[in-house]
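Here's the structure we're looking at; comments come further down.
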Amino acid sequence: MQLSTLGLGTYLGPSTDAADAAYAEAARAFHAAGGTVFDTAANYRGGRSERALGAAFRHLPRDAFFISTKAGYLPMPEGGTEEGPRAWFHRVLEEPGILSVDDLVDGCHALTARYLGHQLDISRSALGLETLDLLHLHNPEQQLPHLGPEAFYAMIGRAFEACEGFVAAGKIRAYGVATWNGFRVPPGQDGHLSLARLLAAAQAAGGRDHHFRWIQLPLNLALPEAFLAPTQLMDGTAMTPLAAAQASGLSVQTSASIMQARILRQLPDGFAEALGVRTPAQAALQFTRSCPGVTTALCGMGRAEHAVENAAIMAAPKLDRAALESLFG
């Protein structure tokens, strides 16, 4: 299957039946327009985003789409119930022995092997799929300040071992890390992730044929670090995150490609036309999908008309590096 250069994300929106139906309709419209990549997470909209995609996939051949999800955050119970978060945590996770309070960071984040397996099984059920294409550890850098580097990468090693087990069991095809600050900030800054150390952990967990195959990080006109900033040290050479991923044979998903639409209001008049596209959203997406090393630029699309508008950009030739760099002077 050819992975589309644009992917449909499912982060935002209210936890309502109407939003579920709109996401399912958007997913079907995006697929009909040539989109094959879909991204979600166990905690997005309290798990409803995964279920909405599952409804959209129900009548599609399994080889017609690529689905990535994430595990790490607690999917809090939906509103309309008298059960509070603490009672929910005890009933669903603590009492069955899946997760203890001591495993939590910031009261909301955990990457223990048993919790990852629990979340993965919930995601597989919600999506109606036996095997998912990709499971990301969700913002693992949130644990760095609490654990310190050595304990953090030891924890990553255990999580990667669990993911290799999920691959062996046929539950996923590959795994990765979905980050926010981790790859964007330089070494020495809080939350920095070393791609070299992650690769070493993957090799220790799965050998040379490990299944750590993807990374996800933000990239847009307001947050261009993945394309411009040499935040990664690979064999003594400073590289941008995209260049480091390319050198390591990793595929890349980029998030926040239009910055939840906030970036669109900042684009100057005529910007879209200068890039050979029609709308500000298409212009922002054209930048992100064109950056060398980007496999798929993710964009939240909760309405069918937005999915169709955005999908049109996939037919446009990508910008070359000189054109991309000229956007930043």
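Please specify each residue of segment 282-304 satisfying the condition of being part of a loop (DSSP other than H, G, I, E, B) and either surrounded by 22 or more Cβ atoms within 10 Å (Cβ to Cβ) or in contact with a helix residue (DSSP H, G or I) (Cβ under 6 Å, 6 or more places away or on another chain) (or both). Quick ask: steps written out before the conclusion?
So the first thing to find is which residues in segment 282-304 are part of a loop (DSSP other than H, G, I, E, B), and the list is 291-295, 301-303.
Within segment 282-304, Cys291, Gly293, Val294, Met301, Gly302, Arg303 meet the criteria.
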Scope segment 305-329; condition touching a helix residue (DSSP H, G or I) at 6+ places or on another chain (Cβ under 7 Å) and either open to solvent by less than 20 Å² (accessible area, probe 1.4 Å) or without any contact (Cβ under 8 Å) to a residue 24 or more places away in the chain (or both); matching residues: Ala307, Asn310, Ala311, Ile313, Leu324
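Taking the condition among the β-branched types (Val, Ile, Thr), without any contact (Cβ under 8 Å) to a residue 40 or more places away in the chain and open to solvent by 20 Å² or more (accessible area, probe 1.4 Å), does Thr279 pass? Before you say what the answer is, go through the steps one by one.
Values: among the β-branched types (Val, Ile, Thr): yes; without any contact (Cβ under 8 Å) to a residue 40 or more places away in the chain: yes; open to solvent by 20 Å² or more (accessible area, probe 1.4 Å): yes.
So Thr279 fits the description; yes.
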Can you tell me how many residues within segment 195-241 are over 25 Å from Ser326 (Cβ atoms), aliphatic (A, V, I, L, M) and either over 17 Å from the mean Cα position of the chain (by Cα) or at pLDDT below 95 (or both)? 9
Look at Gly47 and say whether it is open to solvent by less than 50 Å² (accessible area, probe 1.4 Å) and modelled with pLDDT under 95. yes
For segment 153-188, the count of residues that are more than 14 Å from Pro241 (Cβ to Cβ) and either of a type outside the set (Lys, Arg) or in contact (Cβ under 8 Å) with a residue 60 or more places away in the chain (or both) equals 21
Quickly run through segment 1-25 and pick out the residues that are over 30 Å from Leu111 (Cβ atoms) and touching a Gly at 6+ places or on another chain (Cβ under 8 Å). Ala22
Residue within segment 88-108 that is under 22 Å from Ala256 (Cβ atoms) and not in a helix (DSSP H, G or I) present: yes
Residues in segment 215-230: is at least one of a type in the set (Gly, Ala, Ser) and surrounded by fewer than 19 Cβ atoms within 10 Å (Cβ to Cβ)? yes
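The values are calculated or read from the model by the stated rules, or taken from the named source; none is laboratory data. Please read all numbers here as calculations on a predicted model, not as lab measurements. Neighbour counts are summed over all protein chains in view; Cβ atoms, including those assigned to glycine, are modelled from backbone coordinates with ideal geometry. Each accessible area value is taken on the protein alone, full model and side chains, heavy atoms only, with ligands, DNA and RNA left out. Shrake-Rupley method; radii C 1.70, N 1.55, O 1.52, S 1.80 Å.
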